[in-house]
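Q: Pasting in a structure now, in structure tokens, and then I'll have a few things to ask.
Since every read-out is calculated from the coordinates, none of them should be taken as a lab result. As the structure is a computational prediction, the values presented were derived from the model and not from experiment. Don't worry about glycine lacking a Cβ; one is built from the backbone with ideal geometry, like all the others, and counts go over all protein chains shown.
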Amino acid sequence: MQNRTPRLPRQPAPNHAEPDARSTDALASALAAARRRALRDGDRQIDTAHLLHSLIETDPEVREAFGGGPRLAKVLGYLVQRSIGYGLRWQGSVEDSGAVPVVRAPAADGWSPSALAAMEGARDRAASRGATRAAGLDLLAALAADAESRAVEVLSRAGVEARGLAERVAALAAEASRPV
């Protein structure tokens, strides 16, 4: 029986840090899952919808930001439809919303420009709260900030307002930083 998993061509190591180099272990796990999802789906690049899907599946804090229940189930429903080839169809195209500033570093192989910008936004958000590594909530907030991204399109179709989600993420972060 032949293995049907597509293989990515071997490429030389990039001359810059990978987008997940300054991530918590939990976020690095979500990013690895996003890579696997993109490969399995036959997509050329990891995009913001891959990141959102993997964050929801792997990070309990991210799920908490959604408040659980039907809203989260609906978002996951759209993401699953997309991953099996139904519903939202972006396969074979590159995500670049143009709504985010151009990433200053050279583009990382296998990442959409919008996904790279979201990772940069997550690192900036982590730095602003004094952390050296970005976490899942940092990336969720960065994904919600790009109104033209695929992740926000999924959220919108599921009836989740990105701005409201970003506010819940900020509230969770403030609550977590309060002294006990």
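Q: Once amide H atoms are built 1.01 Å from N in the peptide plane, which residues 5 or more positions from TRP111, or in another chain, come under 5 Å H to H?
A: Answer set, sorted by chain and number: ILE46.
Q: On to the next question. Sort 158-167, 109-118, 134-143, 71-80 by packing, meaning the average of other beta carbons within 10 Å per residue, with the highest value first.
A: Values: 158-167: 15.5, 109-118: 24.2, 134-143: 27.4, 71-80: 17.3.
Listed from highest to lowest mean packing, they are 134-143, 109-118, 71-80, 158-167.
Q: For ALA134, list long-range residues whose amide hydrogen, built 1.01 Å from N in the peptide plane, is under 5 Å from its own amide hydrogen.
A: Under 5 Å from the amide H of ALA134 lie the amide H atoms of SER23, THR24, each far enough along the sequence or on another chain.
Q: Then there is this: Let's test the formula: R0 of 30 Å, r as the Cβ-Cβ distance of GLN81 and ARG163. What FRET efficiency results, to the nearest 0.05?
A: Details: r = 24 Å, r/R0 = 0.81.
It comes out at approximately 0.80.
Q: Can I ask one more? Could you line up ILE46, ILE56 from fewest to most neighbouring Cβ atoms inside 10 Å?
A: ILE56, ILE46
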